[in-house]
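Data block below; observations after.
The values are calculated or read from the model by the stated rules, or taken from the named source; none is laboratory data. None of these values were measured; they are calculated from a predicted model. No Cβ is skipped: glycine too gets one built from the backbone with ideal geometry, and neighbour counts run over all protein chains shown. Side chains are part of the model used for accessible areas, which takes the heavy atoms of the whole protein and leaves out ligands, DNA and RNA. Shrake-Rupley method; radii C 1.70, N 1.55, O 1.52, S 1.80 Å.
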Amino acid sequence: MNFEKFFRLVSYAAVFCGFLSLWVSGTFGIVGTALFVAVMIAAWRLEGSRWQISEKLGTALIVLALPAFFLAWKLHIITFAGGEAAIASILARMILSLGIVKLLQRKSDRDWIFLYLMSFFEVLLAAGLSISALYLGTFIIYLLVMATAIIAFEIRKTSRAVEKKINGDKTYERDPNSESHTALPVRRLPTAAIALIIFIIALALPMFFLLPRVGGAGFGGNQLGQNTFSGFSDSVRLGGIGKIQQSNDPVMRVKLEGSAQPDSSLYFRGVALDTFDNKSWSKSKTGSKITFEKGDNDLIQVDFTADRESSSIQTIYLEPLDTPVLFALPRAVKIQGNFPVVYKDSYGSLSYSRSSERISYKVLSDRSLPTAMELREDDKPYIADVSNYRLLPPVFDPRIAKLAETITANTKNRYDKAHAVEFYLQNNFGYTLEQKAGGDEPLTDFLFNVREGHCEYFATAMAVMLRTQSIATRIVNGFHGGEYNDAADVTVVRQRNAHAWVEVYFPGEDVWMPFDPTPFAGQTLASSSAGIAGSINKYLEALETFWIQHFVAYDNQEQRSLAKSIRNGFIDYQAMISSYLGYAQNILVEKWWAEVRGDKGLRASLAAIGYGVAYIAAAILGILLLVWLFRKIKRLSIWQRLWDRFFKKRHASIVEFYDRLQRILADKGWTREPHQTPQEFALASGIPEVVSITEKYNRVRFGEKNLSADEANAIETWLKRLESGESLTPVSTSR
């Protein structure tokens, strides 16, 4: 492949990588993708032909494209999804349109630079639309291709400038098939690009982990491909969670430490609601919130723990949601995150200042609960503060109260009544995500007609029936269970894990006890697929989690954690060394020296001296052996041979072979004088091999010619002869 064709190929690939990053974010569908690919193929085939549009026409089209694009949007000829993500989507399409115009016109150097910049902006916009492991893959490809394209561009530009200078013609245009094109190291450009990327990453990684963050936890706060959803506001209508559960999109990824285990018993608490009007739940106390600020170690204390053995730490990576709720295992005690304050309402729900971004935070929860015996003995009367948790709707079907009385007829305490209602609903009703119950009183329709529903109906039925028995209840919306990914050691909680359950208040223990009346079929929703597809999805999810944990959600809090881990590791390393030194001192001073002094007799003293001399001699011999091996390996040039073996790069294939020749001659006593040219020095030596190698050097160095494989092998043979001294002959010239 000649160089000009290679340059166009990598430049087109760089443009395509920009589009690919946008495609991964979901910005373009099938029609848009097919159209862009068709334009790229057409532009490639038109390169160098008279059908390419002129620079003036291209500039005019670019100028007209912006108002035309805006007008089409205003007239609803083209439409976009609402929200802040629409702005990025509009910019992406505008930039891509400008790039298409440049692809179709005759291109100068500045036009290629323009295309490179458009590709860069497309990748940058894609970072704001979708931060995922798939985007990471496209970004790595983009880096490699773009680095290769830029290197090729600079080689092309410099080569053309040199030829213009040599020919003295400012209007000189290079022949694409000329030999100087083909002589350029096309095959080595990707290797140079990879080396450049590795160098940049080596410099950038410390900056990424050390530089302070501004704003949120990274890009991707308003990505187009992520649909935020409701269901956790201050008012939730019956049937809302059933719609959420039909989606498989991830909501959060949770890493667990402590007493909690990744199983189906996990309940991530969201919001609690106390007022029911026959169709929806809401909060009666909407304005009462307590503000908690950061304290020591950047911790926000929102409660106090009673049992440290039952404590659990969760690291939660929360996707962008349209709610400020912070989800956590009940009962949250301490929170650590990249936000200054946390709010807690009178229902125990936690929230923060919403940023519409991915966030990560840690929660310490006290999961200890009273025993069933303690709850059965709790007969303390309610006080006025919980009267709102016992209110019934103004219009209420009396059959619900009669059903509750029948179910709890043989019970004498709050706990047994709650357990009886929970058991009745779990075992006498069916679970479905379909919206079957309806009418003015959907709860009545659910209990006495349909007898099927999803978690909100079961939770509502239990809460209302217990209220007819003067028991304080509320429902909680959150998430239940999740898929444990052993490759990433996280539990992936999805929208289908959205759940509602009941909390019953026991005043004597001062605790809200959770109950879940939903049948077990509704508590264990479909898990990930098994087999090969399941394994692939598992590792893809693990890769996604790694990307989010260590890059997307890497913020100031993570920086401090990293610094603390490094400091603790250094302290542990110091302690380990001190321990080893103390142990060695104990052996050497207290035991060995005591035996040498004769504390254990003459025989033990002589034996200790003998052991000491043997150890010293062994250490000296070991050092001498290492020195001998090092010199032997250096003399054999093993590393150089391994390099040549794996990278197929012989000394004789590049101009450095002449430096090797000079080093060999210098070792034998032959040095080149400053006034001597390489050819004069070779002729003065009178050695045929030196003359032949110098001629090859001059041809490569000044003739811009590459060595053939046979010539490279011949030079290597001549150099080895000179190293061994076989070809050196005495001469009378000065040295």
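Sort the following peptides by mean Cβ neighbour count (other Cβ atoms within 10 Å, averaged over residues), highest first: 452-461, 98-107. Intermediate results must be reported in sequence, preceding the final value.
Details: 452-461: 26.4, 98-107: 20.6.
Per-residue Cβ counts within 10 Å, averaged per peptide and sorted highest first, yield 452-461, 98-107.
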Output the pairs from 107/157; 283/380; 285/344; 294/334; 285/417 with a Cα-Cα distance over 20 Å in this structure; if there are none, say none. 283/380; 285/417
To the nearest 0.05, how large is the calculated FRET efficiency for residue 620 and residue 659 if R₀ is 45 Å and r is the Cβ-Cβ distance? 0.70
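With charges set only on the Cβ (+1 for Lys and Arg, -1 for Asp and Glu), what does the dipole of the stretch 249-289 come to about its Cα centre, in debye to the nearest 20?
Values: 7 positive and 5 negative charges, 46 e Å.
Roughly 220 debye for the stretch 249-289.
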Stretch gain in nm, segment residue 575-residue 2, where the contour uses 0.36 nm per residue and the Cα spacing is subtracted: 200.1 nm
Nearest 0.05, what FRET efficiency do residue 39 and residue 587 give at R0 = 60 Å with Cβ-Cβ as r? 0.20
Rough spin-label spacing in nm, given labels placed 7 Å along Cα→Cβ, for residue 322 and residue 721: 8.3
Residue separation between residue 31 and residue 341 times 0.36 nm, minus their alpha-carbon distance, gives in nm 106.9 nm
Could you give the size of the charge dipole of the stretch 275-331 about its Cα centre, using +1 on the Cβ of each K and R and -1 on the Cβ of each D and E, expressed in debye and rounded to the nearest 20? 340
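So with the 1.4 Å probe, I'd like the accessible area per residue for the stretch 280-413, rounded to whole Å². Mind dumping the intermediate values first?
On the way: 6910 Å² over 134 residues.
The answer is 52 Å² per residue.
Order these peptides, 620-631, 479-490, 532-543, 494-505, by their mean beta-carbon neighbour count within 10 angstrom, highest first. Please report the intermediate quantities before stating the final value.
On the way: 620-631: 10.0, 479-490: 19.5, 532-543: 14.0, 494-505: 24.1.
Packing proxy ranking, top to bottom: 494-505, 479-490, 532-543, 620-631.
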Using per-residue counts of other Cβ atoms within 10 Å, averaged over each peptide, order 605-613, 110-118, 30-38, 567-575 from highest down. 110-118, 605-613, 30-38, 567-575
Starting from the 7 Å offset along Cα-to-Cβ, what nm value, one decimal, do you get for the label separation of residue 162 and residue 191? 1.9
When the chain is fully extended, how far beyond the present Cα-Cα distance does residue 291 get from residue 691, taking 0.36 nm per residue of separation? 135.4 nm
Return one quarter of the surface area of the convex hull spanned by the alpha-carbon atoms of the stretch 375-466, equal to its mean projected area, in nm². 6.6
